[in-house]
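Heads up, the thing below is written out as structure tokens.
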Amino acid sequence: MKLSAAFSLFTDLRFAVQTALWPTIVSIWYNPYLLFNPQELSRTFMNHVWLVFGNGVDENGRPVKTQLITPHATGVVLDLGAGAEPSDPLLVLRTRRSDAGWLGYGHTVNYLNHSKIAKYVALEPNVNMHDQIRLNASKAGYTESAGNLVILSCGAEDSKTILETLDYTQVDTIISVLTLCTVPNPQLTIQRLVLDVLKPGGTLLFYEHVLSPRKDVAWWQRFWAPLWAIGFDGCRMDRPSHLYVEEIKGWEGESEVWKQRSVWGKQGEDEENLFWHRAGRYVKA
């Protein structure tokens, strides 16, 4: 792996600081408690970065998400981390701010084929993003008053609350876009969601940056991961999230959970990219 690729994140860190340092300082001024809550401070910093570059990131990933989400999401849809896609910071910082008109939060709803969707369930623990999710969803035709929008503030690991909110009705589709890198205990979390929340015959759609299959790139991903997680809301660049999905087994140890599976990469992506992507469509048996 070229050293220029391995150390490219320092250039990106400089852009991040230029973009978000002053707004973060202002946030601290109004809420000094942030200084005593590193996790919330990191989230605040990343949110300021995302407000500037989020639309550009969405634009960059549009071909993959259009191929993945639009034709395959149906019925009741559970969108993990619906508020934003902060898990691709290198791409965030290298992408010019977009004036495409889409708002900085809640992009996934724009890819849904409304005629195929019964209900959009937006899962977002950061309640500060809920108003923006609600506005974006409304523009796409989903509102709480119409009964086709639900916004949840719990984490993806809280499958019990998800099911209780949905009156113990399982969902038809789970979507994870650049989210699994930040969820707690991702391997167990995605297993619980698939086995408990996704109905038989339902579909899991994911687009994630994952651990590279190249040993040299993976070494650098593991090396930088702890540092990167501090500044970017816990984002881990060294998680093999696609393998977590592939290796899901039933609670009793049954080997076969999926009856269909399809995995692909991002066209034209440099294989030395520290944020190497995989997209997948898995159908539950």
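For this structure, a couple of remarks:
- Between residue 269 and residue 17, the modelled label-to-label distance comes to 2.9 nm, taking each label 7 Å out from Cα in the direction of the beta carbon.
- Protein-only accessible surface order, largest first, of 153, 4 at 1.4 Å: 4, 153
- Each residue of the range 177-194 was assigned a 3J(HN,Hα) from its phi angle through the Karplus expression (A = 6.51, B = -1.76, C = 1.60, θ = phi - 60°), giving 10, 6, 10, 5, 5, 10, 6, x, 6, x, 5, 6, 4, 5, 5, 4, 5, 5 Hz with x at Gly and Pro.
- Computed FRET value (nearest 0.05) for residue 4 with residue 146, which takes r as the C-beta separation and R₀ as 51 Å: 0.50
- Figure note: 7, 206, 36, 45 ranked by solvent-accessible area, largest first, 1.4 Å probe, ligands and nucleic acids not counted: 36, 7, 45, 206.
- For the chain, the fraction of alpha-carbon pairs lying more than 34 Å apart is 17 percent, rounded to a whole number.
- Farthest toward positive dipole pole in the range 165-216 [+1 Lys/Arg, -1 Asp/Glu at C-beta], among 212, 182, 201: 212
- Put the Cα centre of the range 235-258 next to the Cα centre of the range 26-47 and the gap is 34 Å.
- Shape box of the range 167-282 [Cα atoms, principal axes, largest first, Å]: 41, 29, 24
- Extending 7 Å from the Cα toward the beta-carbon at both residue 62 and residue 118 defines two label points whose distance is 3.2 nm.
- The share of accessible area on the chain that comes from carbon and sulfur is 54 percent, using a 1.4 angstrom probe.
- Ranked order, 159, 255 - accessible area, probe 1.4 Å, largest first: 255, 159
- Rough spin-label spacing in nm, given labels placed 7 Å along Cα→Cβ, for residue 185 and residue 222: 2.3
- Summed over the residues of the chain and divided among them, the accessible surface reaches 45 Å² per residue at a probe radius of 1.4 Å.
- Set against the 2.2 N^0.38 Å expectation for a compact globular protein, the range 113-183 has a Cα radius of gyration ratio of 1.09.
The values are calculated or read from the model by the stated rules, or taken from the named source; none is laboratory data. These numbers come from a predicted model, not from an experiment. A quick note on method: Cβ atoms are made from the backbone with ideal geometry, for glycine too, and the neighbour counts reach across all protein chains shown. When the accessible area is computed, the model is the full protein with side chains, heavy atoms only, and any ligands, DNA or RNA have been set aside. Shrake-Rupley method; radii C 1.70, N 1.55, O 1.52, S 1.80 Å.
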